[in-house]
Amino acid sequence: MKTLASRLIGLTGGIATGKTSVSDYLKNIYNLPVLDADIYAREAVTENSPILKAIFSRYGDVIKLPDLRLNRAVLGEIIFNNSAEKQWLENQIHPYVRDRFERELKLTQPKTKTIVLAIPLLFEAKLTDLVTEIWVVTCDRHLQISRLQQRNGLTSKQAAARIDSQIPLSKKVAAADVVLDNNLDLEHLYSQVDTAMQSNNNKY
């Protein structure tokens, strides 16, 4: 997909590695537009959407909250313990997310030379063709598990299952143009972002 923007940063990494900290920094400090795959994925399952109806049809009432919204906790337990169900769900949502990115890029690209595409499943959803460079946020596995447990209230086994459902971080790092190490504090992380931003001669 060709765009007018000269720099399309695909920001990714593993779950709970610190991608949001980086995207917020790029948005607040560098004033860059951030297109967020998580927002589009939530849009895909809004009330009465075709994808939500398909999910309800497949899993029944167990997946519904009392107000008829999606029970994400139950859905998570299903897909993170069954690779076939996870694949089915992604086949519903990923095309919607790609379409939203393509539409937003058409609107955003004439306004700025640099756009951030925050895509946790950049590799898994095969969206690398949308970006010109790939930034991967990484940290040690024990930190990743701990952060995910604290953030989502999960057991260590549940956290590990969610991590293991994604492509290994080592493979993402191997395919990255920029690797951001988030094993220390935010100051250390942000200094790496600053260096990466300055690595391109184009004014952002």
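The values are calculated or read from the model by the stated rules, or taken from the named source; none is laboratory data. Everything numeric here is computed off the predicted structure, so don't read it as measured data. Positions of Cβ are backbone-derived with ideal geometry, glycine not excepted, and every protein chain shown enters the neighbour counts.
Between a residue in the stretch 120-148 that is assigned to a loop (DSSP other than H, G, I, E, B) and any residue that is of a type in the set (Ser, Thr, Tyr) and crowded, with 21+ Cβ neighbours inside 10 Å, which pairs come within a Cβ distance under 8 Å, given they are 6 or more apart or on different chains?
Final answer for the pair search is PRO120/THR12; LEU121/THR12; LEU122/THR12; PHE123/THR12; CYS139/THR17.
Do you know which of the residues in the stretch 149-186 that are among the aliphatic types (A, V, I, L, M) and either touching a Lys or Arg at 6+ places or on another chain (Cβ under 6 Å) or in a helix (DSSP H, G or I) (or both) is nearest to VAL22 (Cα to Cα)?
By that ranking, first place goes to LEU186.
If a residue has to be more than 14 Å from TYR40 (Cβ to Cβ) and in a loop (DSSP other than H, G, I, E, B) to count, how many in the stretch 108-119 make the cut?
Selection size over the stretch 108-119: 2.
Hey, could you check the stretch 59-109 for residues that are among the polar types (S, T, N, Q) and modelled with pLDDT under 95 and say which is surrounded by the fewest Cβ atoms within 10 Å (Cβ to Cβ)?
Residue satisfying both the conditions and the ranking: SER83.
Given the structure, is GLU187 acidic (Asp, Glu) and in contact (Cβ under 8 Å) with a residue 24 or more places away in the chain?
For GLU187, the condition - acidic (Asp, Glu) and in contact (Cβ under 8 Å) with a residue 24 or more places away in the chain - is not met.
Restricting to the stretch 152-184, give me the number of residues that are touching a residue at least 24 places away in the same chain (Cβ under 8 Å), farther than 27 Å from GLU77 by Cα and out of contact with any helix residue (DSSP H, G or I) (no Cβ under 9 Å at 6 or more places or on another chain).
Residues in the stretch 152-184 being touching a residue at least 24 places away in the same chain (Cβ under 8 Å), farther than 27 Å from GLU77 by Cα and out of contact with any helix residue (DSSP H, G or I) (no Cβ under 9 Å at 6 or more places or on another chain): 2 in total.
What tally of residues in the stretch 158-172 results from selecting those that are crowded, with 17+ Cβ neighbours inside 10 Å, over 16 Å from VAL131 (Cβ atoms) and not small (Gly, Ala, Ser)?
5
Hand me the list of helices (runs of 4 or more DSSP H) wholly inside the stretch 1-71 holding 3 or more residues that are without any contact (Cβ under 8 Å) to a residue 40 or more places away in the chain, within 20 Å of ILE93 (Cα to Cα) and aliphatic (A, V, I, L, M).
Answer list for the stretch 1-71: 50-59.
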